[in-house]
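Q: Okay, here's the structure, questions in a sec.
The values are calculated or read from the model by the stated rules, or taken from the named source; none is laboratory data. In this text the structure is predicted, and so the values were computed from the model without any measurement. Cβ sites come from the backbone with ideal geometry, for glycine too, and all protein chains shown count toward neighbours.
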Amino acid sequence: MSKAVLSLAAITLLLCGLRAIRSEAENRLTAGERIDETSQHGFVVVELFTSQGCSSCPAADENLVRIQELAAEKNLPIYVLSMHVDYWNRLGWEDPFSQSVFSQRQRGYAQAFGSTRIYTPQMVVNGQTEFVGSDVTKSNEAIKNSLNSTQKEPLEISAKWNKSRDAITFRYNATANSKGKTLVLAIVQNRAGNRVDSGENRGRTLAHVNVVQKLETIKNIQITGQQTIRVPYNINNEPLELIAFVQDPSSQQIMAAKRTDL
C-alpha cells in the first residue's frame, strides 16, 4: 500500500489553501460565536481523534488547522493535538500516523463520558467536552467557554533533545494541586501530510497540523520531576514541539498545559 509522504513545501502549500477555508468558516460565524483576544483567562487543550481512512475526517482536520492558525494569529493559549486512531486501518487504508495508544485514549474518554461508543472525527476540549470534530460552531463555543472559565495551574517545562541518542530529557515543575495527578507528554510534528491511495479518501491529498508522534504519561506526579522520552527514529528531521499537560485521572479535567519547541 503506497503512502507517499509530502515534502514540507507541499504541506505548506496545502495549509495555505486551508487558510481560505478557515476564513470562510469564520465569516459564517456571528460575533458572539467567534474566538477573540479578550478570552484570555484560561487555556485550552484540543484533542482531535481522526483517521485518514474516514471520509468525514478531512473536514475536522481542516477545523483543527483553523483553530491552530487562529491561536497563533491571536496569541491565545490553545494547544491542539491530532491523534490518529488505528481502528479504521482494516477498512481499506492504513493511516501512516495511526497508533493504538490514541484509540485506547479515546476509549478512556468514552468510559469517562458514560458511553460505549467511539467515533471519528471526535474533538475533546480540556478533557471535559466532546463533539463532532468538524463542527466549527461547537468547537468555538467549547474553546471560548474554556478560555473564560478554566482556572489554570502553573506548570513550567523544559526539554533537551539529544539527537545522537534519539532521546529527549524532559523536566517539569508543577504545583501542590497537581501532585498525584497524571502528566501527559505529546511529541507533535508541526506539519504532516500525504496522498491517500485507497479507502474512503482515495485520491485525496491530506494535510495535518500537530500530529502526535509519541504520547507518554507520567502517573502520580510529584511537584518536580524529569523523564527521558525516546524519539521515533523516522521524525528526526521534522519540526517538532512538545506539549505537556496535567490531567486529573478521575475527572479527566485538564488542569495545566505548556509547550516548548524541540
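Q: Filter the range 165-201 for residues that are within 25 Å of PRO96 (Cα to Cα) and over 20 Å from the mean Cα position of the chain (by Cα) and give the result. Show your work before the answer.
A: Step one: filter the range 165-201 for residues within 25 Å of PRO96 (Cα to Cα), giving 165-168, 184-201.
Passing the criteria: ARG165, ASP166, ALA167, ARG195, VAL196, ASP197, SER198, GLY199, GLU200, ASN201.
Q: Please determine, by comparing only the residues of the range 127-145 that are polar (S, T, N, Q) and at pLDDT 95 or above, which one is nearest to ASN63 (Cα to Cα). Steps first, answer last, please.
A: Quick first cut of the range 127-145, residues polar (S, T, N, Q) only: 128-129, 134, 137, 139-140, 145.
Checking the rest, the ones that are also at pLDDT 95 or above come to 128-129, 134, 137, 139-140.
Numbers: GLN128: 19, THR129: 16, SER134: 6, THR137: 10, SER139: 9, ASN140: 10 Å.
Of everything passing the filter in the range 127-145, SER134 is nearest to ASN63 (Cα to Cα).
Q: To continue, here is another question. Give the range 227-248 a look and list any residue that's surrounded by 15 or more Cβ atoms within 10 Å (Cβ to Cβ) and of a type outside the set (A, V, I, L, M, F, W, C), or say none. Walk me through how you get there before you give the answer.
A: Of all residues in the range 227-248, those surrounded by 15 or more Cβ atoms within 10 Å (Cβ to Cβ) come to 227, 229, 231, 235, 238, 240-248.
GLN227, GLU238, GLU241, GLN247, ASP248 - these are the residues of the range 227-248 that are surrounded by 15 or more Cβ atoms within 10 Å (Cβ to Cβ) and of a type outside the set (A, V, I, L, M, F, W, C).
Q: Of everything in the range 80-107 that's more than 16 Å from the chain's Cα centre (by Cα), in a helix (DSSP H, G or I) and touching a residue at least 12 places away in the same chain (Cβ under 8 Å), which residue is farthest from THR129 (Cα to Cα)?
A: LEU91
Q: Can you say whether LYS214 is over 20 Å from VAL101 (Cα atoms), within 19 Å of the chain's Cα centre (by Cα), outside any loop (DSSP other than H, G, I, E, B) and not hydrophobic (A, V, I, L, M, F, W, C), as far as the supplied structure shows?
A: Working: over 20 Å from VAL101 (Cα atoms): no; within 19 Å of the chain's Cα centre (by Cα): yes; outside any loop (DSSP other than H, G, I, E, B): yes; not hydrophobic (A, V, I, L, M, F, W, C): yes.
Spelling it out, it is not the case that LYS214 is over 20 Å from VAL101 (Cα atoms), within 19 Å of the chain's Cα centre (by Cα), outside any loop (DSSP other than H, G, I, E, B) and not hydrophobic (A, V, I, L, M, F, W, C).
Q: Out of curiosity, is ASN75 surrounded by fewer than 21 Cβ atoms within 10 Å (Cβ to Cβ), at pLDDT below 95, closer than 18 Å to ASN190 by Cβ and of a type outside the set (D, E, K, R)?
A: Numbers: surrounded by fewer than 21 Cβ atoms within 10 Å (Cβ to Cβ): yes; at pLDDT below 95: yes; closer than 18 Å to ASN190 by Cβ: yes; of a type outside the set (D, E, K, R): yes.
The answer is yes for ASN75.
Q: Same structure, new question: GLN252: surrounded by fewer than 18 Cβ atoms within 10 Å (Cβ to Cβ), more than 19 Å from TRP88 (Cα to Cα) and in contact with a Gly (Cβ under 6 Å, 6 or more places away or on another chain), yes or no? Outline the logic, then answer.
A: Details: surrounded by fewer than 18 Cβ atoms within 10 Å (Cβ to Cβ): yes; more than 19 Å from TRP88 (Cα to Cα): yes; in contact with a Gly (Cβ under 6 Å, 6 or more places away or on another chain): yes.
Here the answer is yes, as GLN252 does meet what is asked.
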